[in-house]
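Bear in mind that the values in this text are calculations on the coordinates, not laboratory data. These numbers come from a predicted model, not from an experiment. Reconstructed Cβ throughout: ideal geometry from the backbone, glycine too, with neighbour counts over all protein chains shown.
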């Protein structure tokens, strides 16, 4: 499987001892400026620690596509309130995207996915617009895996932010 990591694509291997059992696509809209409401929680947890999801694609854009909004979004394993900021050293943040953020020559779209991500419980999405709150569309593609529960417990520890300094 190939994952976009900004300026390059990276081939991800299936974790040893894991088996891919499916793929899902989640699409929806949230209001930027929110991070812990019910619309920000994307329920994945099936009550078992022997299954998990890996984000392989993350796309977003404003509802009003012809506007000039600069927006950013983050996927994480816990609600994150740092609106407008990205923290790549935080193991709970797993994917980032930006829309219409200017560069020296053009307006563009940017996304980056942590290559080693695996979600055991739920996924959270937040968005931020530099101007006023706007509706933001999102599309997230995930692969579903099955593995031994001890492996799922290890992934959960990382998801809860206990894998390193935040």
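Peptides 113-121, 21-29, 126-134, ordered by how many other C-beta atoms sit within 10 Å of their residues on average, highest first, read 113-121, 126-134, 21-29. Our helix-only sum for the chain, with -39,500 (n - 2.57) per DSSP H run of n ≥ 4 divided by its residues, gives a mean residue ellipticity at 222 nm of -2000 deg cm²/dmol. Of [x] 41; [y] 54; [z] 67, which is the value of percent of Cα pairs over 22 Å apart derived from the coordinates here? Checked against the structure: label [x].
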